[in-house]
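Engineer: For reference, the structure I am asking about is given below.
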Amino acid sequence: MKLKRRTLKRGRVEIIPMIDTILILLIFYMSFSTFSAKEKRIDAKLPLVTVAGKPSTQIPLDLTLHVKDKDNIIVNGAVFTADTLRSQMSTLASIGQDVTIVIEADPDTQYQAVIVALDACAEAKLTKVAFRPLAEKAAATP
């Protein structure tokens, strides 16, 4: 009895899926290489660490600007107009005092009046400015 020989099938390497895979990897690496180049262009300035020297002799000053309207801005109890506020902020900045300014406004105050107070701080180059919403009780009282 004669046995039939099995024919061996030769293994083939499928080249088309391999080319597709290589192209996908190439696109992947090219896209991420451009992201790393863009991240290098970010202009980030890290804070500098300074050695603690003499303790500051100045006491920080906190001012609260309560804006009612453009010509009625109350600063720690004193009433100012837009022009007088600008001049007072510039004199305060010229002294060199460390000032923190908190701007608060009534809910019905126009945005322009708040911007006038913010512009007065910006012209005097006072940079520590914050906004605080009024408490409901303070906003309800006239």
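Engineer: Between Lys2 and Phe28, what length comes free when the chain is fully extended (0.36 nm per residue of separation minus the Cα-Cα distance, one decimal in nm)?
Structural biologist: 3.6 nm
Engineer: For Asp108 and Arg132, FRET efficiency with R0 = 22 Å and r from the beta-carbon atoms, rounded to 0.05?
Structural biologist: Given R0 = 22 Å and the Cβ-Cβ separation, E is 0.85.
Engineer: Taking 0.36 nm per residue of separation and subtracting the Cα-Cα distance, what length does fully extending Thr64 through Asp20 add?
Structural biologist: 9.3 nm
Engineer: Continuing with the same structure: Among 81-88, 106-113, 63-70, 24-31, how do they line up from the highest to the lowest mean number of other beta-carbon atoms within 10 Å?
Structural biologist: Working: 81-88: 15.8, 106-113: 12.8, 63-70: 18.2, 24-31: 9.6.
So the order, starting with the most tightly packed, is 63-70, 81-88, 106-113, 24-31.
Engineer: Can you give the alpha-carbon Rg of segment 61-140 over 2.2 N^0.38 Å, where N counts its residues?
Structural biologist: Details: Rg = 11.8 Å, N = 80, 2.2 N^0.38 = 11.6 Å.
Relative to the rule-of-thumb radius for its length, segment 61-140 sits at 1.02.
The numbers here are math on the coordinates, done by the rules we state, and not lab data. In this text the structure is predicted, and so the values were computed from the model without any measurement. When we count neighbours, we look across all protein chains shown, and the Cβ atoms used for this are built from the backbone with ideal geometry, even at glycine.
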